Amino acid sequence: MELTGADIFVRCLRDEGVEYVFGYPGGAALHIYDALYRQDKVKHILVRHEQGATHAADGYARSTGRPGVVLVTSGPGVTNTVTGIATAYMDSIPLVIFSGQVATSLIGDDAFQEVDAVGITRPCVKHNFLVKDVRDLAATVKKAFYIATTGRPGPVLVDIPKDVTAHKCEYAYPKEVSMRSYNPVTKGHPGQIKKAVDLILAAKRPMIYSGGGVILSEGSKPLTDFVRLLGYPITQTLMGLGAYPGTDPLSVGMLGMHGTYEANMAMHECDVLIAIGARFDDRVTGDLEKFCPHARIIHVDIDPASISKNVPVEVPIVGAADAVLAEMIKLIKAAKKKPDKDALAAWWKQIDQWRAQNCLDYDRDSKLIKPQFVLETLYELTGGEAFVTSDVGQHQMWAAQFYKFDKPRRWINSGGLGTMGFGLPAAMGVQMAHPKSTVCCVTGEASIQMCIQELSTCKQYDLPIKIVNLNNRYMGMVRQWQEFFYDRRYSHSYMDALPDFVKLAESYGHVGLKIEKPADVEGALKEALKLKDRLVFLDFITDQTENVYPMIAAGKGHNEMHLKPCKAVVSTDRELA
Amino acid sequence: MRHVISILLENEAGALSRVAGLFSARGYNIESLAVAPTEDSTLSRMTLVTTGSDEVIEQITKQLNKLVDVVKLVELTQGPYIEREMLLIKVRAAGDGRDEVKRLADIFRGHIIDVTDTTYTLELTGTGSKLDAFIEALGPAGIIEVVRSGPSGIARGEKGVHV
Ligand SMILES: Cc1ncc(C[n+]2csc(CCOP(=O)(O)OP(=O)(O)O)c2C)c(N)n1
């Protein structure tokens, strides 16, 4: 039987096993929306802005490992997705975005709501397609999912002109894909793995540096086995947190600009660096000239282009983190040579001295609410079991520092692009995928306003997200840089004319709580967590002078961190002045 | 350093802009780019000339390989290879100069492919430096228009770059 393109499209999603589509309708997508209406297998979640759809699909993907799916109309519909697509691209998240397009006969005519979707998204997708013939539709959808989810994952956009969704043909969903131009590797080269293991076992001051690639490849278990087998210290990137348990003594915390003192010092002093699924981002390395001056470097990555891109590597291994780790474990177990116990003991002694600096300490006697205290309390009350999404800024760094993630896929944040507005819609995707779990969105009063409209989506679909707004009345991270590097000229970083967030939440039908005293923090969080079926907006009025420490300033090395002191800058504080 | 890369590319709409976009987005140089379909109409062949340090060239080839439309790629400058470029050039050829232009074309093994009372249009194939030398020999005064194809390259020996 012949089906229309729109029906074929929906059948494809069904046969691909798609559970949720996050989307927003419009002219060019109306045949598809009609086909969605006439079935009940694929559930459509109506967001309030297309950016929200992409972040929600992204949150779904990050928390499940399955691809997130987005459906939008042509023109403004698809341009609104660009930030979300770029966010997913930078963090290698599998998304498939379907955009309506004007009819093929109108393409190029500056037709109503026409944009060159393939052209606009090209630099921020793994690949994209324009479907010109309904007979290519099913095969293209299949390819899109295949490309998005294999190799180094990433977003794939499929642009579908309206007439293609009306035309008819026979439907058959391809069982498999083979593409002569796309054959991602998974297994690492055995010779290289052997070389790496020799180097690993000869190390005196080893350091394991793991990133988001371990989570993407489901490599958490082999990573944990690998680290414990060796007894070596491990630091994780912002994107990698949770792949190895953060509460484990072998974990020295996050590294990089706001990483721990012990992690960064150990990076600086190590003699063998084992990088796994991490890409030597500039926020991680600091000044490249000063990066790991004593280390011989092993780098495991699925993307050959990530290897030796920023830092020259002695032993490159192209392969999926999980597969390569499993191979390395085998070789280590079989090897006669064992890690040098004495050297390792001395190394740990040194690391423990750095640890004793207690670099994340903060003023616990403050009369104002310290943001760190809110997050520490949240961590304790949720037993470290919550899914935590975040926006971008100081609150993001504090969440990464103070919520100890013991499991992968629990910490959901925009690390690569640093997209304010990500947190709330991402939390929606996470909550859809994990309806019974506690999902918290840690945000700031500036970030939350970038996708605040999604509070309405949360109401429609009963998503009981807990929004932890660390309200410092500033774009805190911007203010911090201005304090340090611009002689306290706080140019346009003060958030004036803020809404009453409690009333705002209530007007959307949610619960709002405003917390102004440290003594009320725990009670409010408990109350919110108890309201299992309600979204609660917790507006914590925090100390606006607090800065994120430790910090490596631009152009500095890992051994040149600022620890404290955090001098309050009361004179410029408009509320206190 | 100058590098010549031969690329087999899916002959798809947009494939060329993916390559061009990669170079502009990552700030790599493109000196020239010559592209046309091959004997297999689903494939295009591109010869791309770029400059950069060894590290940059390594990144360029890796990033090109990542493009889903790139089927295969060889850096020709890593081995013995041949490079040819075509020049079409229109020059003033009147009076005494007319014979001189023809003589020069003969010396460089060029062909006259179009003639008017006052001009010759010439075709010449060779390495870039040969074409440069020819243009210089003609001198700037007589040149009306220069059209160069950009180099195409192929490896020496028995091996070919194909799927
Ligand atoms: C879309 C977007 N615009 C601008 C920025 C630059 N930026 C980074 S952090 C930040 C301030 C965030 O303020 P807030 O959400 O209140 O968080 P805080 O730093 O105070 O915790 C800004 C403007 C960004 N990351 N994303």
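The values are calculated or read from the model by the stated rules, or taken from the named source; none is laboratory data. Predicted model, so just to flag it, every value in this text is computed and none were measured. No Cβ is skipped: glycine too gets one built from the backbone with ideal geometry, and neighbour counts run over all protein chains shown. Surface accessibility is based on the protein's heavy atoms, side chains included, excluding ligands, DNA and RNA. Shrake-Rupley method; radii C 1.70, N 1.55, O 1.52, S 1.80 Å.
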Per residue, the convex hull enclosing the Cα atoms of segment A:155-274 spans a volume in Å³ of 192
With N residues in segment A:259-302, Rg(alpha-carbon) / (2.2 N^0.38 Å) equals 1.10
Segment B:67-152 accessible area per residue, 1.4 Å probe, protein heavy atoms, integer Å², reads 55
Expected output for segment A:165-182, residues with a loss of 40 Å² or more in accessible area relative to the chain alone at probe 1.4 Å, reads A:Arg180, A:Ser181
Among trypsin sites (Lys or Arg not before Pro) in segment A:1-100, those in a DSSP loop whose Cβ has at most 15 other Cβ atoms within 10 Å are A:Arg38, A:Lys41
Interface call, segment A:288-337: threshold 50 Å², probe 1.4 Å, accessible heavy-atom surface of protein chains, chain by itself vs complex, result A:Ala305
Between A:Ala172 and A:Ala519, the FRET efficiency computed from the C-beta separation at R0 = 45 Å comes out, to the nearest 0.05, as 0.10
Expected unfolding gain across A:His294-A:Lys367 under the 0.36 nm per residue rule, minus the alpha-carbon gap, is 21.8 nm
Computed D for segment A:271-380, Stokes-Einstein, Kirkwood radius over alpha-carbon pairs, 37 °C, 0.692 mPa s, to the nearest µm² per second, is 187
The ratio Rg/Rh over the Cα atoms of segment B:1-112, Rh being the Kirkwood inverse mean 1/r radius, stands at 1.13
Magnitude of the Cβ-charge dipole (Lys and Arg +1, Asp and Glu -1) of chain A about the Cα centre, nearest 20 debye, reported as 1540
Restricting to Cα pairs under 8 Å and 6 or more apart, the percent relative contact order of chain B works out to 28
So, relative contact order of chain A in percent, Cα under 8 Å, 6 or more apart, is 14
For segment B:105-163, listing GluC sites (Glu not before Pro) in a DSSP loop whose Cβ sees at most 11 other Cβ atoms within 10 Å gives B:Glu158
On protein heavy atoms with a 1.4 Å probe, the accessible surface that disappears when B meets A, both sides summed and given to 100 Å², is 1400
Over chain A, the sum of -39500 (n - 2.57) across DSSP H runs of at least four, divided by residue number and rounded to 500 deg cm²/dmol, gives at 222 nm -10500 deg cm²/dmol
Heavy-atom accessible area of chain A with neighbours in place, 1.4 angstrom probe: carbon+sulfur share in percent works out to 52
Row for segment A:355-493, column shape: gyration tensor on C-alpha, a ≥ b ≥ c, rounded if a/c < 1.5 i.e. under 1.5, prolate if a/b over b/c, else oblate; value oblate
Note on chain A: alpha-carbon gyration tensor, axes a ≥ b ≥ c; rule is a/c under 1.5 for rounded, else prolate if a/b larger than b/c, else oblate; result oblate
Ordered by number, the residues of segment A:92-133 with at least 30 Å² less accessible area in the assembly than alone (1.4 Å probe) are A:Arg122, A:His127
Everything considered on the Cα gyration tensor (a ≥ b ≥ c; rounded for a/c under 1.5, else prolate if a/b is larger than b/c, else oblate), segment A:133-188 must be described as prolate
Taking alpha-carbon centroids only, segment A:436-477 lies from segment A:207-226 a number of Å equal to 29
Expressed in nanometres to one decimal, the distance between label points 7 Å along Cα→Cβ at B:Glu123 and B:Ala20 is 2.6
Note: A:Leu531 to A:Ala497 extended length (0.36 nm per residue) minus current alpha-carbon separation gives 9.3 nm
With a Förster distance of 35 angstrom and the Cβ-Cβ distance between A:Thr186 and A:Asp340, calculated FRET efficiency to the nearest 0.05 equals 0.65
Of every hundred units of 1.4 Å-probe accessible area on chain B, the number belonging to carbon and sulfur atoms, as a percent, is 52
Bounding extents of segment B:106-163 in its principal axis frame from Cα atoms, largest first in Å, are 49, 21, 20
